Amino acid sequence: MILVVDMNWKKESLSFYEFVLPIVTIAETQDECIIKHFLEVTNQDLSQCDRVILSGTALKDTATLGQPEKFMWLREIEKPVLGICAGMETIGVVFGMRLIRCLEIGMTQIKLLKENPLFYEDFKAYSLHGYCIEPSGDFEVWAKSTKCVQFINHKIKPIYGALFHPEVRNPELIKRFILLES
Amino acid sequence: MRLGVLFSGGKDSTLALHYASEKEEVICLITIISKNKESFMYHTPNIEISALQAEALELPQITKTTHGEKEKELSELEVAIAEAARKYQIEGVVTGAVESVYQAERVQYICNHLGLWCFNPLWKHDQKALLEELLEKRFKVIISGVFAYPLDEKWLGKQIDNKLIDRLVDLQQKYGLSPAGEGGEIETTVLDAPLFKKKIEVLDCSVEFKGNSGVFLIKQARLVSK
């Protein structure tokens with residue numbers, strides 16, 4: 001089972017359709033999903049699921065970035081986690097990385113820097129972010145755009161972050177994440 | 001949150017408005033009338049009917065006309081959105097974008113520039129499901145423009161029903177058309193929707209068809225009680 005965490009500023013927001021549903025539509029082709037708003041994730045949800053996907057949010061929505069204490073479970077979890085856009089930024093904040101203002105909107109060239117099981121070459125992806133992160137030593141960088149770091153992976157744990165939105169033009173990346181061994 | 005909806009009067013923007021009204025407060029409509037019939041950005045046939053639709057919705061409408069030159073259309077859109085923000089204190093904008101990264105990206109840039117929220121509630125929706133949802137919610141939608149082979153004049157003015165959805169899905173399988181017309185193959189006009197206080201009655205119309213494209217023009221229409 002996949003736990004999809006709704007990272008929007010409130011539960012059942014208008015952004016839900018845009019940032020959560022498209023991920024769920026792709027994920028459900030591979031496995032059963034449960035959806036929880038970030039303020040309502042319980043220990044039971046985390047122990048029942050096999051993996052976690054953190055959604056993105058609207059450009060103006062920075063709700064999760066100001067509440068890293070709600071995501072302390074990210075430091076403990078041993079299961080695969082994929083943070084998308086605001087999801088990746090939140091992983092960054094929880095692991096003590098610095099957020100930097102960086103605007104990218106639209107199709108962006110993503111350059112592969114390290115061989116990995118989720119994507120195999122350079123590709124184009126849809127970006128919609130107002131911040132990027134400066135990765136800390138616990139993480140390695142798998143891909144970059146001309147402006148910033150686009151994909152990170154924790155060096156020991158199966159925690160991944162995509163700054164772009166794979167649900168828009170790169171659904172295969174989400175499917176491969178779901179098929180990764182946990 | 002006070003929102004303005006980018007409104008063309010077609011099925012997508014009207015459905016996006018419906019979603020937005022369920023979650024937030026829709027304060028006004030923002031409509032761009034492009035004089036370029038092949039506008040790259042905006043739904044075109046029967047855009048003038050949108051004033052009647054605004055009246056049916058009992059919402060104020062900000063309208064701007066462009067001549068459809070690429071970058072000018074966008075600056076007109078920014079002017080219209082800025083005016084909506086000033087006049088009606090909207091905090092965000094809603095679009096009916098489904099698949100078009102181009103369309104979504106442009107509005108995101110404008111909203112970011114103006115400090116507004118941007119919502120695309122139909123983003124990545126399955127196109128067949130979207131058409132079926134219109135029927136479930138009892139929207140009355142007609143096909144007002146066809147712009148790709150093998151669609152012909154027989155489609156113009158037809159109301160979207162289950163049979164028509166099946167035919168569109170069939171064309172998708174045979175010709176790769178997007179069933180909801182997201183690639184610009186079809187344009188639609190909404191004559192009635194759940195939020196309309198009155199519905200639109202077409203009194204006079206004409207069909208223009210040439211080559212592989214045509215439009216159903218509403219020449220005269222009025223609001224009647226539902």
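Quick notes
- If you go through the stretch B:13-40 and keep only what is farther than 24 Å from residue A:21 by Cβ and either modelled with pLDDT of 95 or more or surrounded by 19 or more Cβ atoms within 10 Å (Cβ to Cβ) (or both), you end up with B:27, B:28, B:29, B:30, B:31, B:32, B:34, B:39.
- Subset of the stretch A:124-146 [away from chain B (no Cβ under 14 Å) and either in a strand (DSSP E or B) or in contact with a Ser or Thr (Cβ under 8 Å, 6 or more places away or on another chain) (or both)]: A:132, A:133, A:134, A:139, A:140, A:141, A:142, A:143, A:144, A:145
- Test: residue A:162 is in contact with a helix residue (DSSP H, G or I) (Cβ under 7 Å, 6 or more places away or on another chain), crowded, with 20+ Cβ neighbours inside 10 Å, in contact (Cβ under 8 Å) with a residue 24 or more places away in the chain and of a type in the set (Gly, Ala, Ser): yes
- Condition met for residue B:65 (modelled with pLDDT of 70 or more and touching a strand residue (DSSP E or B) at 6+ places or on another chain (Cβ under 9 Å)): yes
Each row is one residue, and each column tells you yes or no for (1) of a type in the set (Val, Ile, Thr); (2) in the same structural domain as residue B:17 (by TED's automatic domain parsing); (3) buried (at least 16 other Cβ atoms within 10 Å of the Cβ).
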{"position": "B:130", "(1), (2), (3)": "no, no, yes"}
{"position": "B:146", "(1), (2), (3)": "yes, no, yes"}
{"position": "B:151", "(1), (2), (3)": "no, no, yes"}
{"position": "B:164", "(1), (2), (3)": "no, no, yes"}
{"position": "B:171", "(1), (2), (3)": "no, no, yes"}
{"position": "B:174", "(1), (2), (3)": "no, no, no"}
{"position": "B:220", "(1), (2), (3)": "no, no, no"}
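- Selection within the stretch B:105-127 - assigned to a helix (DSSP H, G or I) and either more than 8 Å from chain A (Cβ to nearest Cβ) or at pLDDT below 95 (or both): B:105, B:106, B:107, B:110, B:113, B:114, B:127
- The residue that is farthest from residue B:144 (Cα to Cα), among those in the stretch B:208-226 that are small (Gly, Ala, Ser) and part of a strand (DSSP E or B), is B:225.
- Only a single criterion out of (1) within 24 Å of residue B:194 (Cβ to Cβ); (2) within 14 Å of chain A (Cβ to nearest Cβ); (3) modelled with pLDDT under 95 is not satisfied by residue B:102, namely (1).
The values are calculated or read from the model by the stated rules, or taken from the named source; none is laboratory data. Source: prediction; values computed, not measured. Because the Cβ atoms are built from the backbone with ideal geometry, glycine has one as well, and the counts that use them run over all protein chains shown.
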